[in-house]
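Here the structure comes first, spelled out in structure tokens, and everything after it is commentary.
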Amino acid sequence: MNKAITEGLVLMPPPFAAGLNLWSREDGLTGQGSYLAQSNAAYVPTDQDFGGCLELTKTLSTMKLRCFQSIPVEPGLYLRVTAKVKAMSGALPSVRIAGWAGDSSGANVGSAVQTGPSVALTTYGQIVTVTAIIGSGNRQGVDMVWGLAPVNGHFGLDLTGATGGVVRIEDIVIEDVSDVFFSVMFNWVDVRDYGAKGDGVTDDLVAFNAADNAAAGKTVLVSPGNYFLSASMTFENPVHFEGTVTMPAAAVMSMRRNFDLPSYTAAFGGELAGFKKALQALFFYTDHVELNLGGLQVEIDAPIDVAALCGLTTFAQRRVLRNGQLTAITSTAWSTATVTSVATYSTAQSARLTGVANVANVPVGAHISGTGVGREVYVKSRNISAGTLELSQPLWAAAGTRTFTFDRYKYMLDFSGFSALTKFETAEIEFIGNGLASTILLAPDGALFRVADCVINRPKDRGITSIGGGCQDLQIDRCQFISNEMGLPAQSRTTIAFNVNANDSKIRLNRCSQFAHFGVLNGTGHMFLGNHFFGGDNETAGVRKAGVVLTLPNVKTFFTGNYVDNCFIEMSNEHDDQPDFNNEYTFGGLVISGNIFTASDVAPWFRWLVITPRGTGHSLNGYTVANNAFRGVNSAIDRIEMVDTTYAVLAFNSFRNVTFENNTFNAVAQPTVSPVFVQHSQNTEADTWSVDASAYLPFGSWARNVTALVAEGAVTNTASAAQFVTPYTQVEQGAGHNLVNLKWPAPVKGIMQVTLRCDNPL
């Protein structure tokens, strides 16, 4: 740095040849005496050593020489004043650099050190260089520390010691030497000082490494320029980019002391380029597990293939992407790739399609649709030479050779190139799909992928997609899912917030608005806690779709404290290649407790709980609905539950452990209860009382057990005499098997409180 250059400061005093009237014999202040026409001072134009110079005869014990010119001083500016002097005759004096320090009011700053080190002249004709450095800071090498108060100075020298001697003085030089103190004054090291060119062509990798090695805890400064680095670079020290860097795609830039997107944005000249290189480094960098986007928005114009970006196929260390916004912008790269192909499916290989025509054209991660294909089935992998595709789930009714459609949606973050990815997290990120792009595509295998405190905003097709087992222990916490299809009737929506193929997902405290489905889940052990998922529209007597679809019959899952709003919970076995019951787990393992269920402007046949068996022989085993609130708004809903018999019915004779209790019903015509307590009044004597509680029993099930009978008042015979007898029961009576008979020894009448169930409890 040289402020004479960078700021145009005038630091050099005039030469003696310009006139001795410019040089003061006092402090250099206006009005003080100069050396013009003084008997002890003369300008010598042709000295053999100096050329032009000033000759002085020392007449005072301290003889001053100061420039009338006011030299600016400021904090951080360090000046070196240099004078060359030689003794000509007489007594030999001592010489020192000196100056007068003035503040903004023109007063002398007495605290400033205004004289430098003294040098004695010992030999006639010997040239002695006298120097001193003046500056604001008390730093090593500063001879005259002035502090912050001075704003100008009048510089020159003092002759001290014996009088009578004659000396000659060459023109005094004042230089800006602040750069001498850079390594101390400024906490940075410039890569250009270590040979970096910054021309975009020269390989500056060696210079960068040298600067980083020299920094020793200080900041490495990448000054303006475009620097080419031929290989990976790791900064062990903080780094600040004023220039930019280009690197091969496979080369990794690791910043160990400022690992964040603002630094990478500065390094690579833009948010997108910086984000890609920072994300790449996240997978190679052991000191940091988190990439902080610094609240920046990154505009993405194409899917980011994270595995290809990183050059890895597996990764199992925790990594976190946090605090920013990823926004899809218009580009043809987001267009869905659609392929139609003929293939053969056999239940003998339930997760595979064989004989796939044009298999090389079917992309991994493609969504599969066609006759007999359940919801959310994807291509997990492919074998081009064998002509086969591995599927995320079996197909329930697609045996034989038929035509399938494969739609490869495009995702902002695509992890499908990893064969396995474990413990990756996104937190406090808003993904804005803008109806152009889907959001996150998981790896085919792995575990513990977590999405927390994020906003999935207007994805085109999908929010979070699993094409295999990469969703094991998936965690979605405190996120918002905002649909791109809000203006459409519910039945016309196709976007899905997320799907799961594996076990043990934790779906907690999320809000999802107006998707086709909030979640489609295979596997078991899922937890839904505190979510609000909404599927309504502005239609009158509107159709509603499932908020959550569970595609494995026995799910070992609970829903607690959720707000199920204008949608329903559906159990299905559409991912079973042999959907008929065959001595396996049947529908059940589901606990629904403490939830709010609401629906507005729906048809009377709307239901909040739906079971859709794809095959025959299935029943219910372990299905609890307790302590929930069901409410219709601007609707008169018949009841809360149903079996969708499009494909099959349930086997009601096998229900076990089915409980509906302690629920509240508003604008619901018929409550659903089991075990149900009913009061049967028999007004005429009969030996068989037919008790009908069928309307209360869930899913149109049978009356399978009576667990309690209590007479209210006397049971009397035809003579009105009290009868102290107990009836036996006959269950599963009537054409619908939903009545219970109370059989008495003789005709009687009275009131009986009956508790009956739709199941066998054990």
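None of the figures in this text is laboratory data; all of them are computed from the coordinates on show. All of these numbers come straight from a predicted model, not from anything done at the bench. Positions of Cβ are backbone-derived with ideal geometry, glycine not excepted, and every protein chain shown enters the neighbour counts.
Could you work out the helix-only [θ] at 222 nm for the chain, with each DSSP H run of four or more residues adding -39,500 (n - 2.57) and the total divided by the number of residues, to the nearest 500 deg cm²/dmol? Each step should come with its number before you reach the end.
Numbers: 6 runs with 44 residues, N = 762.
After summing the helix terms and dividing by the residues of the chain, the value is -1500 deg cm²/dmol.
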Average Cα contact separation per residue, the chain, under 8 Å, 6 or more apart, as relative contact order % | 6
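Using a Förster distance of 56 angstrom, determine the FRET efficiency expected from the C-beta separation of THR336 and VAL113, and round it to 0.05.
Working from the Cβ atoms, E equals 0.15.
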quick shape note, segment 667-762: Cα extents on principal axes in Å, largest first -> 42, 30, 24
Separation of the VAL455 and HIS737 label points, Cα + 7 Å toward Cβ, nm | 5.3
Can you list the equivalent-ellipsoid semi-axes of segment 3-182, largest first and in whole Å, using the square root of 5 times each Cα gyration tensor eigenvalue?
-> 26, 17, 16
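I'd like the FRET efficiency for ASN21 and ARG139, computed as 1/(1 + (r/R0)^6) with the beta carbon distance as r and R0 of 51 Å, rounded to 0.05. Walk me through the intermediate numbers first.
Details: r = 36 Å, r/R0 = 0.71.
The calculated FRET efficiency here is 0.90.
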Local electrostatic count, ILE429, Cβ distance below 15 Å [Lys/Arg +1, Asp/Glu -1] = -4
Determine the alpha carbon to alpha carbon distance for each of LYS380/LYS410; LYS58/LYS86; LYS58/LYS84; LYS380/LYS460; LYS197/LYS276 and list only those over 18 Å.
-> LYS380/LYS460; LYS197/LYS276
Given H placed on each backbone N at 1.01 Å, which residues far from VAL500 in sequence or on other chains put an amide H within less than 5 Å of it?
-> VAL520, LEU521, ASN522
Given H placed on each backbone N at 1.01 Å, which residues far from GLU425 in sequence or on other chains put an amide H within less than 5 Å of it?
-> ARG319, VAL320, LEU321, ARG450
For the chain, percent of DSSP beta bridges that are antiparallel (nearest 5) comes out at 45
Each label sits 7 Å from Cα toward the beta-carbon; between ASP47 and ASP199 the label points are separated, in nm, by 4.5
For segment 116-201: span of alpha carbons on each principal axis (Å, largest first) | 64, 34, 21
³J(HN,Hα) computed for each position of segment 109-116 - Karplus, 6.51 cos²θ - 1.76 cosθ + 1.60, integer Hz, glycine/proline x = 8, x, 6, 6, 6, 10, 9, x
Which length gain, in nm to one decimal place, applies between THR347 and TYR563 when the Cα-Cα distance is subtracted from 0.36 nm times their residue separation?
-> 73.9 nm
Quick one: compute a quarter of the convex hull surface over the Cα atoms of the chain and quote it in nm².
-> 50.3
Between VAL710 and ASN666, take the C-beta separation as r, use R0 = 30 Å, and let me know the FRET efficiency to the nearest 0.05.
-> 0.55
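Taking segment 624-700, which chymotrypsin sites (Phe, Trp or Tyr not before Pro) meet the DSSP loop condition and have no more than 16 other C-beta atoms within 10 Å? It would help to have the intermediate numbers written out before the result.
Values: sites: PHE630, TYR647, PHE652, PHE655, PHE660, PHE665, PHE677, TRP689, TYR696, PHE699; in loops: TYR647, PHE655.
Sites meeting the loop and neighbour criteria: TYR647.
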HN-Hα J couplings of segment 632-641 from phi, Karplus 6.51/-1.76/1.60, θ = phi - 60°, integer Hz, Gly and Pro as x?
-> x, 10, 6, 8, 10, 8, 4, 6, 9, 9
If each of LEU60 and HIS240 carries a label point 7 Å out from its Cα toward its Cβ, how far apart are those two points in nm?
-> 4.5
Of ALA273, PHE283, LEU293, farthest towards positive along the dipole that unit charges on Lys, Arg, Asp, Glu beta carbons give segment 242-306 = PHE283
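What is the Å³ per residue value for the convex hull set by the Cα atoms of segment 296-337?
101
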Karplus ³J(HN,Hα) for segment 332-337 (6.51 cos²θ - 1.76 cosθ + 1.60, θ = phi - 60°; Hz, whole; x = Gly/Pro) runs 5, 5, 8, 5, 5, 8
Put +1 on the Cβ of each Lys and Arg and -1 on the Cβ of each Asp and Glu in segment 516-666; which of HIS517, PHE558, PRO579 then has its Cα farthest toward the positive end of the dipole?
-> PHE558
If unit charges are put on Cβ atoms (+1 for Lys and Arg, -1 for Asp and Glu) and the dipole of the chain is taken about its Cα centre, the option from LEU609, GLY51, ALA420 lying farthest towards the positive end turns out to be LEU609
Segment GLN38-ALA651, extension gain: residue separation times 0.36 nm, minus the distance between their alpha carbons = 208.0 nm
Please identify every one of the trypsin sites (Lys or Arg not before Pro) in segment 291-335 that sits in a loop by DSSP and has no more than 16 other beta carbons within 10 Å of its own beta carbon.
-> ARG318
Any lysines with Cα under 21 Å of the LYS556 Cα? List them, leaving off those in the same chain fewer than 8 positions away.
-> LYS506
DSSP loop (so not H, G, I, E, B), at most 14 other Cβ within 10 Å: list which GluC sites (Glu not before Pro) in segment 173-270 pass both filters.
-> GLU242
Just subtract the alpha-carbon distance of THR163 and ASN187 from 0.36 nm times their residue separation and send over the number in nm, one decimal.
-> 3.8 nm
Could you give the Stokes-Einstein D for segment 516-666 in µm² per second, using the C-alpha Kirkwood radius, 20 °C, 1.002 mPa s?
-> 138
Largest first and rounded to whole Å, the semi-axes √(5λ) derived from the alpha carbon gyration tensor of segment 337-408 read 15, 13, 11
Could you state the angle between the C-alpha long axis of helix 271-282 and the longest principal axis of the C-alpha atoms of the chain, as a value from 0 to 90 degrees rounded to the nearest 10?
-> 80
Taking a cut-off of 16 Å between Cα atoms, list the aspartates and glutamates near LYS743, but don't count ones fewer than 8 places away on the same chain.
-> GLU685, ASP687, ASP692, GLU732
Log10 I(q)/I(0) at q = 0.24 Å⁻¹ for segment 399-470, from Debye over equal alpha-carbon scatterers, is -1.07
For SER24, other-chain or 5+-apart residues with amide H closer than 5 Å (H placed, Pro excluded) are ARG66, CYS67, PHE68
